[in-house]
């Protein structure tokens, strides 16, 4: 049996503020949640089944009690944001 892994990096699709966000005027950052809120909810069924709703509160994307994938977030090792 072949086994495979798919790693999906959604660069620029933020799901929460970095620990130092307040120092750069980015407190409360959550790009995906804010886009979903502005749209009145967002439907991402494949990402929802993989566990996206477990990462952050996103309107229209429910948490998945038994996700079909592993999920998580990453925080940059460097201070600040890359556009400063």
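Relative contact order for the range 1-79: what is it in percent, counting Cα pairs under 8 Å that are at least 6 residues apart?
Details: 92 pairs, mean separation 18.6, N = 79.
Taking the mean separation of contacting Cα pairs over the length of the range 1-79, I get 24 percent.
Roughly what percent of Cα-Cα pairs across the chain reach past 21 Å?
Numbers: 1271 of 3486 pairs.
So the portion of pairs separated by more than 21 Å is 36 percent.
Where a number appears in this text, it was derived from the coordinates with a stated rule and is not lab data. Quick caveat: nothing in here was measured; it's all calculated off a predicted structure.
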